[in-house]
Structures are given as structure tokens and as C-alpha cells.
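What follows is one structure encoded as C-alpha cells, with my remarks underneath.
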2 protein chains.
Amino acid sequence: MNTYEEKTIKRETIFEGKIISLHVDEVKLPNGNTSTREIVEHPGAVAVIAITDEDKMIMVEQFRKPLEHLLIEIPAGKLEKGEDPIECAKRELGEETGYTCEQIEHVTSFYTSPGFSDELLHIFLAKGLKKNSHLHLDDDEFVNLLEVSYEEVQQLIKEQKIYDAKSIYAVQYWQLIKTMER
Amino acid sequence: MNTYEEKTIKRETIFEGKIISLHVDEVKLPNGNTSTREIVEHPGAVAVIAITDEDKMIMVEQFRKPLEHLLIEIPAGKLEKGEDPIECAKRELGEETGYTCEQIEHVTSFYTSPGFSDELLHIFLAKGLKKNSHLHLDDDEFVNLLEVSYEEVQQLIKEQKIYDAKSIYAVQYWQLIKTMER
């Protein structure tokens, strides 16, 4: 079923940065013509759905330079090279929020934007949350910790303050849990 | 609430392509230090949740060069400059699947990966579907049309054939509708 494959004729690496790399591939299309594909390489990332015993979702507010404004998102972070996504999820939850968890389970994974990037994001559900440590943020990371009720989350979506794929997915996941419990 | 703002000191534009542009911004952090941010500019995109009267989701299979394999996704496409997202959604549905719809409504929008990109994706729900036209694909676009039942969708997720943010969101949306109908 790979009749649609696009074979690489030539790859030009335009940029290799701290986080992403950019390549432009010249490809042979299924019909024999050629085209170019712009490809952003990314190390992958994890995100954590964490709902406290008080039925609040743990979220972080941070400035997102590509958008030039703040967003409120579920805790997340990039994978270190060779890092197990589960370990990364626990680490990021602790570093960004100060919470630890007794259990963590995989919910889903998805490519965030497969048309131009290979970024794969893994989403986990953390259970048995305990607030017991200080934040350990990266040198260039500044976040504001929030604990948000289900009603507040809906309002924040309307206000476009919660406005990214993983967090919108997480809120729909929460809605699904609540609907199934009814 | 913009104490976390990162002011641009200098922008270097590394690449301006067919679809994306890449900038590296030197920024002043809230603590006065400087850092760099790698930013991919993208025109934005739309995607369409389309479920037929036979309770099948309309999907398209296509080769995704960044991943070097096929994915099965909900119909989607990039916004043309200045294009209304609703019009783009109708256009892409028609071009990629040959279906038209009587009604289309906004479901959600999200930034796919706000850490490095400004790509904003709008998801619509198409209703009153009619199969009545031929496909009109771009010159470098090759897709395989599928109509997939709810059970098949679950299996395709397990097999990592459905594996991108908008489609995973769409399947969860479908699950939510089905749960609410019960």
C-alpha cells in the first residue's frame, strides 16, 4: 500500500537549531513528476493530563513567542535524546508544577502537524497527585501554575486562552470522562 | 498579565518557502537574560469532521514525507491567503473527497504546536453530506478516499494509521457524540 511513496532525490539541510532542524527535500511524486517538501524535524514531546482530588485540572500559563501572547496549557515538555516518554512526563509534571503522581498511564499519541513536521506528542494521565516539591524550570522557562475547574476551563477556551492541540484534546477527554460518569 | 513577555531584540529570517518560513529570534527574557526562539510561520489550516448517513467517517490516506509513511486523516488543507476558514473547509472537503455538505459548523480551533509554530488549525463539522463531484487534487497531492466505521477507526488508531492531532481529536469527538446519545 505504498504506491503513494515520495522518494527523496535530494535533501538540503537549511538549519540545525537548538530544538528543530529544517530540511527541504526534492521528491519524486507517484506520477513521476518532482516537487519539494519542507520538513521540520523535532525531538518529540509529552504532555500530562493531571486532575486533582478537588476536580481541578493542573495547567501552566506561559508566553509563546511564535504567537506573541500567553497560552494556558497542560504541563508538557520536549523529550530529551533517548528519554522514555513516561519518564519525561513524570519529570515535566514535577519540574513545571511541583506535583508528583503515584500512577501514570498512556492516553494517546499523535503527530501534531504531519504535513510539515515529524513532531510526535505523547499524552499521559497522571493519578494520585501530590504537591510536594518546588518547581525546577529551565533557565529560559517562565510559567504560572494554575488549577482550573471544569467550568473555568470552558470559559478559558471561549476566551482563546486555552488554544492548543494537546490542551483542547485534554479538555475534551475530561468532558468524555464526565459524560461517561453521568 | 504580560510579565512573561519575551521582547524581540533581533530577528533572523533563515528560510522562506512555499509553505513555511523559519525565523530565529533573539529575545529578552523576563529575568533580563537573553535566549533564542526558533519560530516556524505557517499560513494555518482547516480540517473537516464528516460522518455519512451510514455512520462512516470520511477520511483520506496520504503519504506524509516528514514521517516517511502513510497516514489516514480527516480531510484537511492549508488556508489560502485571506481565505475564510469556512470556505476553505468546504473547498477542501470537495477537492479531497468529492463530497459537498448542506451545513458546516465550527467545532474548535487550536495551535498545533505553539512551542515552535504559529500554525492555527480550525476544525469544522459538515452535515448533510452528498457525494456528487469528482476530486480536484493539487498537482502534488495523491490521496486515497476511505469511509470508515467507528469500530474500524478504533482499530486504525491501535495500528497507528490514524495518528495525527486533528484526526485523534475528531475520533474522540465522535466518541463523545456517541456517548451522549446513549
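We did not get these values from a lab; they are worked out from the coordinates using the rules stated. It should be emphasised that the depicted structure is a prediction, and the values quoted were computed from it without experimental measurement. Every residue, glycine as well, gets a Cβ built from its backbone with ideal geometry; the counts of neighbours run over all protein chains shown.
Points worth noting:
- When A:F124, A:F142 are sorted by how many other C-beta atoms sit within 10 angstrom of their C-beta, beginning with the fewest, the order is A:F142, A:F124.
- Global geometry of the protein assembly as shown, whether rounded, prolate or oblate, following the gyration tensor of its Cα atoms and the 1.5 cut on a/c: oblate
- Taking every residue in B:51-63 and counting other chain Cβ atoms within 10 Å of its Cβ, the average works out to 1.
- Between identical copies, the spacing of B:D140 label points, each set 7 Å from Cα toward the C-beta atom, reads 3.0 nm from nearest to farthest.
- Value of relative contact order over segment A:30-140, rounded to a whole percent, pairs C-alpha under 8 Å and six or more apart: 31 percent
- Average beta-carbon neighbours from other chains, 10 Å sphere, peptide A:134-142: 3
- The length gained by stretching the chain between A:K131 and A:N33 to full extension, at 0.36 nm per residue less their Cα-Cα distance, is 29.5 nm.
- Helical runs (DSSP H, four residues minimum) scored at -39500 (n - 2.57) apiece and divided by the length of chain A put the mean residue ellipticity at 222 nm at -7000 deg cm²/dmol.
- Each of B:R11, B:R37 was scored by other Cβ atoms within 10 Å of its Cβ. Arranged with the fewest first, they read B:R11, B:R37.
- Between copies, the label points of A:M180, set 7 Å from Cα on the Cα→Cβ line, lie 1.7 nm apart, reported in increasing order to one decimal in nanometres.
- B:S167, A:S21, A:S149 arranged by Cβ crowding within 10 Å, fewest neighbours leading: A:S149, A:S21, B:S167
- Shielding value for A:34-44 is 5, the average number of Cβ atoms from other chains within 10 Å of each residue's Cβ.
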